[in-house]
Amino acid sequence: MTDHDVLVDELLSIEWGTRFESFSVRDRRILHGFNAFGWQLGNRSFFRSRSRLHVGADTELSHAGTEALELAAITLRQSWQPNDLGCHERVVDILRRNVADGPERTATEALLDELDRSFRAARSSELMAFVDPEDLKQVGTPGSRMPRTVKALTADEVLDDWLHGKVVHSGDSKKAAAIALWPAPSYEWSVIKAVTSITRAVLTTHVVVRGALGILHEDWRVRTGPGITTTTA
């Protein structure tokens with residue numbers, strides 16, 4: 001069991017009924033929309049299979065399929081679109097505004113801050129890096145050093161290039177060219193890692209939203225993302 005699974009199990013055990021004030025009609029509608037979004041995301045077919053990257057003489061990538069990955073990524077991007085049902089920032093803001101006074105207020109506010117931090121951290125994590133080609137030439141020579149990173153790509157940037165350069169808007173030639181700089185298995189592996197980490201953050205918040213709405217135990221638990229494994233020959 002991962003640390004993430006332990007956290008989700010802890011959230012599932014909390015009595016949320018006293019931690020929030022009554023929500024307005026508008027806020028309740030938005031929270032229910034996020035609940036529906038969380039179910040849709042967590043039950044995408046991509047998350048039913050383990051993903052595996054094997055690096056050897058040839059690089060091999062296995063997962064549920066590119067179309068399943070594309071659908072999961074397209075669904076996930078609602079979490080940072082300000083006008084979509086799945087907008088994570090808007091939902092956390094609603095929860096913050098409605099934390100009830102009482103002995104658990106400070107702990108609840110700290111938890112909401114952590115949900116926000118985890119989501120932002122997942123999106124900003126560095127997944128790929130361009131290095132100085134001159135530095136690469138000296139690797140393995142006496143006194144050589146690690147190649148200098150020229151540009152690092154975050155999970156957000158990896159997904160943005162992939163979605164707009166290949167999946168959603170295939171006409172964006174600049175983003176398509178950015179993807180083409182990398183071997184296809186390596187880039188798709190980074191997409192998988194980005195989708196996995198951001199989805200886990202979103203679905204953690206989904207548990208709290210269900211608790212705030214008083215429907216935590218009326219729903220079955222959604223999956224929290226695929227297992228991923230890297231091996232090197």
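The values are calculated or read from the model by the stated rules, or taken from the named source; none is laboratory data. In this text the structure is predicted, and so the values were computed from the model without any measurement. As a convention, Cβ positions derive from the backbone with ideal geometry for all residues, glycine included, and neighbour counts pool all protein chains shown.
Before moving on, here are some points about what is shown:
- Qualifying residue in the range 12-26 (condition: hydrophobic (A, V, I, L, M, F, W, C) and part of a helix (DSSP H, G or I)): yes
- Residues of the range 114-142 that are part of a helix (DSSP H, G or I) and modelled with pLDDT of 90 or more: 114, 115, 116, 117, 118, 119, 120, 121, 122, 123, 124.
- Residues located in the range 64-75, provided they are in a helix (DSSP H, G or I) and either over 11 Å from the mean Cα position of the chain (by Cα) or among the hydroxyl-bearing types (Ser, Thr, Tyr) (or both): 66, 67, 68, 69, 70, 71, 74, 75
- Members of the range 95-114 found to be basic (Lys, Arg) and in contact with a strand residue (DSSP E or B) (Cβ under 8 Å, 6 or more places away or on another chain), listed by number: 105
- Close Cβ contacts (under 8 Å, 6 or more residues apart or on different chains) running from residues in the range 35-51 that are over 13 Å from residue 72 (Cβ atoms) to residues that are surrounded by fewer than 14 Cβ atoms within 10 Å (Cβ to Cβ) and not β-branched (Val, Ile, Thr) comprise 50/227.
- Candidates in the range 67-119 are the residues that are under 15 Å from residue 37 (Cβ atoms) and hydroxyl-bearing (Ser, Thr, Tyr); of these, the one that is surrounded by the fewest Cβ atoms within 10 Å (Cβ to Cβ) is 75.
- Within the range 77-87, tally of residues that are within 21 Å of residue 121 (Cβ to Cβ) and in contact with a Gly (Cβ under 8 Å, 6 or more places away or on another chain): 3
- Selected residue [at pLDDT 60 or above and in a strand (DSSP E or B)] from 153, 111: 153
Per-residue answers, yes or no, for (1) modelled with pLDDT under 95; (2) within 20 Å of the chain's Cα centre (by Cα):
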{"position": "52", "(1), (2)": "yes, yes"}
{"position": "56", "(1), (2)": "yes, no"}
{"position": "77", "(1), (2)": "yes, yes"}
{"position": "83", "(1), (2)": "yes, yes"}
{"position": "87", "(1), (2)": "no, yes"}
{"position": "90", "(1), (2)": "no, yes"}
{"position": "96", "(1), (2)": "no, no"}
{"position": "102", "(1), (2)": "yes, no"}
